[in-house]
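Enquirer: One structure is given below, represented as structure tokens, and several questions about it will come after.
Readers should treat all values here as calculations from the given coordinates under stated rules, not as data from a laboratory. Only a predicted model underlies this, so the values are computations on that prediction, with no experimental measurement involved. Note that we place each Cβ from the backbone using ideal geometry, even for glycine, and neighbour counts take in every protein chain shown.
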Amino acid sequence: MQGAVLCGAGDLLAQQLEGQHEADSWRCASAAAVGVGFGAFAYPIAYRVLDSRWPGSSMRAVMTKALAEVATLGTVGNAGSIGARGFLEGRGSSAVSTQLWHEMPAVLLNELRVWLPYNVVAFALIPAHLRPGATMLVEACWVTYISLVAHRPHERSGLGAGEAKADH
């Protein structure tokens, strides 16, 4: 439930930052649906696996967990989030693939800038039982960013306006 609220609220904030005067409720619902999957499954499972695979807070364990999180959730997770939003909003596979091709390099660079340092701090200093709450604070900003990326004008992603919802 937290993931749905977080992603839905992040999308509403993104819509405001884009200058939309009225909220797109379908877009917000799509973001919330993606948030359910990440909040209930992806994040809890990923962090639990990382902590069990590399227990402790030694420098080696911390760096390994931080890099593994970026390598998995940073790639598959972000691509899945952006792609799922596109599909849920009616874009075809060609349009979604093209958007991912153009957007993912910058998303991955920002993943390294935001999540790698956060994960180092989190795995080294924040007790596991407090980590979900701390992570939600960073995640609140991140989901707004991902929503902005997922809804950039299609010309930025190399898509023509007519291709945006075409199903190829």
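Enquirer: State yes or no: is Pro117 under 24 Å from Met1 (Cβ atoms), surrounded by fewer than 15 Cβ atoms within 10 Å (Cβ to Cβ) and without any contact (Cβ under 8 Å) to a residue 24 or more places away in the chain?
Expert: Working: under 24 Å from Met1 (Cβ atoms): no; surrounded by fewer than 15 Cβ atoms within 10 Å (Cβ to Cβ): yes; without any contact (Cβ under 8 Å) to a residue 24 or more places away in the chain: yes.
For Pro117, the condition - under 24 Å from Met1 (Cβ atoms), surrounded by fewer than 15 Cβ atoms within 10 Å (Cβ to Cβ) and without any contact (Cβ under 8 Å) to a residue 24 or more places away in the chain - is not met.
Enquirer: Right, another one. Is it true that Ala40 is in contact with a helix residue (DSSP H, G or I) (Cβ under 7 Å, 6 or more places away or on another chain), more than 22 Å from Gly90 (Cα to Cα) and either surrounded by fewer than 18 Cβ atoms within 10 Å (Cβ to Cβ) or without any contact (Cβ under 8 Å) to a residue 40 or more places away in the chain (or both)? Reasoning before the result, please.
Expert: Details: in contact with a helix residue (DSSP H, G or I) (Cβ under 7 Å, 6 or more places away or on another chain): yes; more than 22 Å from Gly90 (Cα to Cα): yes; either surrounded by fewer than 18 Cβ atoms within 10 Å (Cβ to Cβ) or without any contact (Cβ under 8 Å) to a residue 40 or more places away in the chain (or both): yes.
So Ala40 passes the test.
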